[in-house]
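Let me begin by presenting the structure, written as structure tokens, before commenting on it.
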Amino acid sequence: MEGTLHLLTAGESHGKALCAILDGLPAGIPISERDIDRDLARRQLGFGRGARMDIERDHAEILSGVRWGKTIGAPTSLLIRNKDYPNWEHMMAVEPRGEGTLPPETKPRPGHGDLAGCLKYQTLDARDVLERASARETAARTAAGALARALLKEVGVEVVSRVLQIGGVSIAGSQKERLSIESFVGADDDPVRCTDGEVSALMIEEIKKADEDGDSLGGVFQVAAFGVPPGLGSFSEFSKRLDARLFCALSSIPSVKGVEVGEGFGLAYLRGSSAHDEIFYSKEIGVFRKTNRAGGLEAGLTNGEPIVLNAAMKPIPTLKKPLATVDIERCEPALAMKERADVCVVPAAGVIGEAMVCLVLAEAFIEKFGGDSLGELEKNMGSYLKEIARLWVPKRGLD
Ligand code: EPS
């Protein structure tokens, strides 16, 4: 992210640590390492994760930007050490210790960045590529997302997620449901973060079967934001449209191949008369909608309804029963390299999706309401909400 809120992450999957620097948060936001670790722990869970998650216990150390429990308006930097690093010290050494003694990874996995990365960086060792391409990097994003979430909490926004589909098993009709915050209750207590117990059991069976077959699975996760006021984002430039920025943020999660807002692709089948959310008015709640097919976004702006996004993930490319590839050193047919890997990461990806949505929404709040401190931002937001109070009453959607 390089806008009002600027996020930079660094770190290799098996290197010493991951780090994140988030610049642009106003001063005065309450934040603790415990808040960040809560999201890091949620990201590590989910049935279908590999053995690496038994090694890691992700903890973010706040190095700067927070004093006495509150942001001070300075860049916030975070450090997450990789517990697995001592097992990879030789392989991942900064000095050329392993060079010539450890074999290069020359059998790129179809679906991973191995081949394109080797071509791009002109190397025959995919280790140089896969370490940064690894989804381990999303731990740093999740930590930064927790900082953004802390700002959103102060302005009454809640960002949640759940799993809709794993492989061929899905929650029926979930795409068309009118969502409330209650629709997400129980996700965190379920092994695959699914809110339907019967479907969850089938999903677990599906993952077990894929694991037995040496295979992997993808699926669909859903992220929603409640309590977002209308008018965030902009249609003045293509790059400022909030839906586009949310699509970009979610599609940047490794393995995500498709993102939709609201009823998304389903809307393409309908006529205009049944595709849009008609506008009604009552004295008590101002303008309101009976449906939310648009997923809270119209013309690149929030419209005051809950924001609802679905993201589809392809199955993990690292397979116990590897696919055909080419040994790029020998230019001979081969089987793709085998790495320890997860079978299914859709439950974890929902948590990463929340972090990405938090970052985009926090930035949109800062853009709209400005200010160097949380107090200033809240004052500006309060006066805006007062101006539009005749038509719109805050926090609808959370009830
Ligand atoms: C990943 C491969 C696995 C996953 C990793 C992403 O790592 P390893 O090769 O060490 O077993 O566990 O995800 C994480 C480490 C994580 O924290 O999510 C990959 O190739 O993308």
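Quick notes on this one:
- Picking from residues in segment 48-68 that are closer than 21 Å to Ser373 by Cβ and outside any loop (DSSP other than H, G, I, E, B), the one that is farthest from the ligand (Cβ to nearest atom) is Arg67.
- Restricting attention to segment 88-131 and to residues that are among the aliphatic types (A, V, I, L, M) and within 23 Å of Ser252 (Cβ to Cβ), the residue that is surrounded by the most Cβ atoms within 10 Å (Cβ to Cβ) turns out to be Ala126.
- In segment 14-35, residue surrounded by the most Cβ atoms within 10 Å (Cβ to Cβ) [restricted to those that are within 15 Å of the ligand (Cβ to nearest atom) and farther than 20 Å from Ser251 by Cα]: Leu18
- Members of segment 166-212 found to be at pLDDT below 95, part of a helix (DSSP H, G or I) and among the polar types (S, T, N, Q), listed by number: Ser174, Gln175, Ser183
- Number of residues in segment 297-339 that are touching a Gly at 6+ places or on another chain (Cβ under 7 Å), more than 25 Å from Ile166 (Cα to Cα) and part of a loop (DSSP other than H, G, I, E, B) equals 3.
- Test set (1) surrounded by fewer than 18 Cβ atoms within 10 Å (Cβ to Cβ); (2) within 16 Å of the ligand (Cβ to nearest atom) - Val345 fails condition number: (1)
- Exclusive hit being surrounded by 22 or more Cβ atoms within 10 Å (Cβ to Cβ) and within 16 Å of the ligand (Cβ to nearest atom), set Glu363, Glu305, Glu354, Glu339: Glu354
- Going through (1) modelled with pLDDT of 95 or more; (2) in contact with a strand residue (DSSP E or B) (Cβ under 7 Å, 6 or more places away or on another chain); (3) within 16 Å of the ligand (Cβ to nearest atom) one by one, Gly300 falls short only on (3).
- The C-beta contact set for segment 119-139 (first residue within 23 Å of Asp58 (Cβ to Cβ) and in a helix (DSSP H, G or I), second residue more than 8 Å from the ligand (Cβ to nearest atom) and of a type in the set (D, E, K, R), distance under 8 angstrom, 6+ apart or interchain) comprises Arg127/Glu105; Leu130/Glu105; Leu130/Asp114; Glu131/Glu12; Arg132/Glu12; Ala133/Asp114; Arg136/Glu12.
- Residue in segment 167-174 that is of a type outside the set (Phe, Trp, Tyr) and under 19 Å from the mean Cα position of the chain (by Cα) present: no
- Residue that is within 16 Å of the ligand (Cβ to nearest atom) and under 18 Å from the mean Cα position of the chain (by Cα), where the choices are Arg162, Arg149, Arg136: Arg136
- Segment 223-261: number of residues that are in a loop (DSSP other than H, G, I, E, B) and not basic (Lys, Arg): 14
- Among residues of segment 36-47 being surrounded by fewer than 19 Cβ atoms within 10 Å (Cβ to Cβ) and part of a helix (DSSP H, G or I), the one that is farthest from the ligand (Cβ to nearest atom) is Arg38.
- Any hit, segment 69-78, residues being outside any loop (DSSP other than H, G, I, E, B), away from the ligand (no atom under 14 Å from the Cβ), modelled with pLDDT of 95 or more and small (Gly, Ala, Ser): yes
- Failed condition for Glu131, given (1) in contact with a Leu (Cβ under 7 Å, 6 or more places away or on another chain); (2) within 16 Å of the ligand (Cβ to nearest atom): (1)
- Test: Thr106 is in contact with a Leu (Cβ under 9 Å, 6 or more places away or on another chain) and over 16 Å from Ala20 (Cα atoms): yes
- Looking only at residues of segment 161-189 that are over 30 Å from Gly304 (Cβ atoms) and touching a strand residue (DSSP E or B) at 6+ places or on another chain (Cβ under 9 Å), we find that the one that is surrounded by the most Cβ atoms within 10 Å (Cβ to Cβ) is Ile166.
- In segment 201-244, the residues that are free of Cβ contacts under 8 Å to residues at least 40 places away in the same chain and either of a type in the set (D, E, K, R) or over 19 Å from Glu260 (Cα atoms) (or both): Ala201, Leu202, Glu205, Lys208, Lys209, Glu212, Ser236, Glu237
- Number of the condition not met by Gly117 [criteria: (1) in contact with a helix residue (DSSP H, G or I) (Cβ under 8 Å, 6 or more places away or on another chain); (2) at positive phi]: (2)
- Tallying residues that are within 16 Å of the ligand (Cβ to nearest atom), farther than 14 Å from Ala126 by Cα and not aliphatic (A, V, I, L, M) within segment 318-336 yields 2.
- Residue in segment 375-396 that is in contact with an Asp or Glu (Cβ under 9 Å, 6 or more places away or on another chain), within 16 Å of the ligand (Cβ to nearest atom) and β-branched (Val, Ile, Thr) present: no
The values are calculated or read from the model by the stated rules, or taken from the named source; none is laboratory data. Since this is a predicted model, take the numbers as computed values, not measurements. Note that we place each Cβ from the backbone using ideal geometry, even for glycine, and neighbour counts take in every protein chain shown.
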